[in-house]
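Take a look at this one; I'll ask things after.
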Amino acid sequence: MRVLDVGGGLGGPARTLALEFGCRVTVLDLTESYVDAGRMLTGLVGLDDRVDFVVGDALDLPFEDGAFDAVWTQNSGMNIADKPRLYAGFRRVLRPGGRLVTQEPMAGPVQPPIYPLMWADGPATDHIRPPAEMRATIEAAGFTAVEWSEVRVGPSPPDAPRPRQTIQSLVMGDERVREIMRASRGNEDEGRVVLVHAVFTA
């Protein structure tokens, strides 16, 4: 399958799709340094013949109509305000019958969220929407839902182990990540942010 991974960053999911399922994956990301690092990591594990990287904007996809069998997007849509344009672009680059596979944080039943979030310091840069609104927007772009799961993560045990170092801490610094994680626990425990896993057909 030809897969477009939108907002794929360093390419971890793309490499998994290539290695485990034999997909040919194109990663699109706006951040050039992530694309450069993703290319390097992909070369180190010998998958650069199956995974390629493109610097580009999710709202202006530089691909032909019907170029892909699937669009995969994981934790990237919350960065984008113009969601109708985003999903219309996904529909354009998919072949008829192709699939959109998405995981995205969305606004929970309790609002507003506690900031900072991993993707936003405040409302001006936070573009999460309620699940019902998001599903309607995606379906209005020409998609049909075949799977939709809303996951509310329950309260975290106070003694739950946390990784000592993550890619986030390397990029943002330990103190910044600790601040975000404190807010994240509140958002999860109070139902301010939910995670949606969904599959649509074009």
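The values are calculated or read from the model by the stated rules, or taken from the named source; none is laboratory data. What you see is a predicted model, and the numbers here were worked out from it, not measured in a lab. Glycine also receives a Cβ, built like all others from the backbone with ideal geometry; neighbour counts cover every protein chain displayed.
Only residues in the stretch 2-14 that are at negative phi count as the first member; pair them with residues that are modelled with pLDDT of 95 or more and acidic (Asp, Glu), Cβ under 7 angstrom, at least 6 apart or cross-chain, and list the lot.
Matching pairs, first to second residue: ARG2/ASP69; VAL3/ASP69; GLY8/ASP29; PRO13/ASP5; ALA14/ASP5.
Kindly indicate which of GLY89, GLY77, GLY9, GLY97 is touching an Asp or Glu at 6+ places or on another chain (Cβ under 6 Å) and within 22 Å of GLU147 (Cβ to Cβ). Before the answer, list the steps.
On the way: GLY89 fails: touching an Asp or Glu at 6+ places or on another chain (Cβ under 6 Å); GLY9 fails: within 22 Å of GLU147 (Cβ to Cβ); GLY97 fails: touching an Asp or Glu at 6+ places or on another chain (Cβ under 6 Å).
None of the others qualify; the one that does is GLY77.
I've got another one for you. What residue, among those in the stretch 25-83 that are among the hydroxyl-bearing types (Ser, Thr, Tyr) and under 15 Å from the mean Cα position of the chain (by Cα), is surrounded by the fewest Cβ atoms within 10 Å (Cβ to Cβ)?
First, the residues of the stretch 25-83 that are among the hydroxyl-bearing types (Ser, Thr, Tyr): 26, 31, 33-34, 42, 73, 76.
Among the residues that remain, those that are also under 15 Å from the mean Cα position of the chain (by Cα) are: 26, 31, 34, 73, 76.
Working: THR26: 21, THR31: 13, TYR34: 19, THR73: 23, SER76: 22.
The qualifying residue surrounded by the fewest Cβ atoms within 10 Å (Cβ to Cβ) is THR31.
Moving on to the next point. Taking the stretch 125-163 only, how many residues are at pLDDT below 95, acidic (Asp, Glu) and not in a loop (DSSP other than H, G, I, E, B)?
Residues meeting the conditions: 1.
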